[in-house]
Amino acid sequence: MATHLLKETQFRWTFITGVCVFVQMHAIILHLWLKLPMSLAWADSGFHNSLLAVAAACIAQMLAYYRPVKGKYVFVALLTFTVSVIWLAGVYWSLRSIFGSLTDYFLWLNDTLPVRFALGWLIITGTGFISFFLYEMEEHRQALARKEAAEKMAKEAELYKLRQQLQPHFLFNSLNSINALVTLRPEEARQMIQKLSDFLRGTLKKEDQLWIPLKEELQYLQLYLDIEKVRFRHRLSTEVAQSEEAAMLQIPPMLLQPVVENAIKFGLYDTTEAITIVIKAWEERGVLMVSVSNPFDPSLQQQSWQGTGFGLSSISRRLYLLFARQDLLETHIDGHIFTTLIKVPQLHDKDNTDR
C-alpha cells in the first residue's frame, strides 16, 4: 500500500496552506464584490472551505486504501462526484441552519448552489485524480524496488552457489593427494595440509566481499598453486606477470582459481611432461585483462577443450550476473597453447558495485 499523502509533511503543509488561502480569498470576494457583511462573509467562507477541505482529505484517505484494478478512472470520477454532492449538502445545511433567518442571504445561498457545486466538484475531482496518480506512481516505485531487491537476492544467491560449487571439487582432489602423500612423503603432506588450511581460511574471509584488488586475488591464487605444486612437484611451474596499473584494479574474489584449475587439468592430466602455466594481467581502456595460458595436446583432448567445462562456464555466468555481458570470457587456441582471457570492467562508482 502506498504511503498516505496526508502523512507526508510537505503535502500536509501545502494542503493546510491552500485551505487558508482559499478561506481568505473567498471571504474577501464575498465582502468586496458581493457586499456581504464581513462577519457573514468570513462565516460563509469558513464553513464552505472547511467542509471542502474535509471532503478533499476524505478523497485522499479513501484512495490510499482502495483503488480498483478495472474501471479505476470511472471509479474515481463517480467517487468524487458523490463526495461533491455530500459536501454541497453539508454546506447548504450548515449555512441554512445558522443563517436561515436572514431572508436575503438565504435566497442568495439558493442562487449560488450551482456555482458552489461546480467549483467544489472541480477542486474535489482534481484532488481525487492527483491523489490517485500519486498513489499509483508510489506503488509502481515500490513494486520496482521490491523486484530489484528480489533480483539482487537471487543474483547474490546464484553467485554464492557458483562459488561454493567450485570448492568441493578442489577440496576432494586435495584430500586425495594428501592421502597419497601421507605414507610416501609425510613432510610434503604436512605442508599441503597447512596450505590447504590457509586457502580455506582465506575463502571464508572473502565470502562477504564482492570486489577485491587483483594483487590480493593473485596472493590468494598463489596458495592454490602452492597446493597443486605439492601434488605435481616438478611437473608444474607457473609464471605470473602483472602491470603496476593492474595491481590495484578490482576483481571478483576467487574468479581466477577455476580458470587456473582448468589449465592444470587440460595441461597436466594427459601428459607426463612438465608444463608452465602463464598468467598475465594488464589494464586496457578501463578494463582489467587477465589471461591464463597452458600447453595442451589437441590429439589427446580433442573432445575436452572444445567445451568450456564447468569451471569456465561458471566464470562466464558470474561475469554475466555482475555485468550483464556475454563477451567477458574468451578462449583462444594457438598451436599447442590454450589461452583463456577474462575481461573485468572497472566500476568507478562504488555505489553501483552491487549491480
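No value in this document is a laboratory result; all are computed from the given coordinates. Every value quoted in this text rests on a predicted model; they were computed, and no experiment measured them. A quick note on method: Cβ atoms are made from the backbone with ideal geometry, for glycine too, and the neighbour counts reach across all protein chains shown.
A few comments on the model shown:
- Projected label points at Gln61 and Gln191, each 7 Å from Cα along the beta carbon direction, are separated by 8.0 nanometres.
- With a simple spin-label model that places each label point 7 Å from the Cα along the Cα-to-Cβ direction, the separation between Ile29 and Ala143 comes to 3.9 nm.
- Taking each residue as 0.36 nm, the span from Phe81 to Ser39 lengthens on full extension beyond its C-alpha to C-alpha distance by 12.0 nm.
- According to the calculation over all Cα-Cα pairs in region 69-139, the P(r) per 10 Å bin from zero is 19, 40, 23, 13, 5, 0 %.
- Qualifying trypsin sites (Lys or Arg not before Pro) for region 69-104 [loop in DSSP, other Cβ within 10 Å: at most 10]: Lys70
- In terms of overall dimensions, the C-alpha atoms belonging to region 168-297 reach 51, 36, 22 Å along their principal axes, ordered largest to smallest.
- Here region 178-200 and region 331-346 have alpha carbon centers that stand 32 Å from each other.
- Charged-residue dipole, Cβ positions (Lys, Arg, Asp, Glu), region 86-157 about Cα centre, Debye nearest 20: 100 debye
- Exceeding the 30 Å Cα-Cα cut-off - candidates Lys152/Lys195; Lys195/Lys215; Lys265/Lys343; Lys152/Lys215: Lys152/Lys195
- Taking label points 7 Å from Cα along the Cα-to-Cβ direction, His332 and Ile98 give a separation of 8.7 nm.
- Scanning residues 5 or more positions from Ile251 or on other chains, those with amide H under 5 Å from its amide H are Ile212, Leu214, with H placed 1.01 Å from N in the peptide plane.
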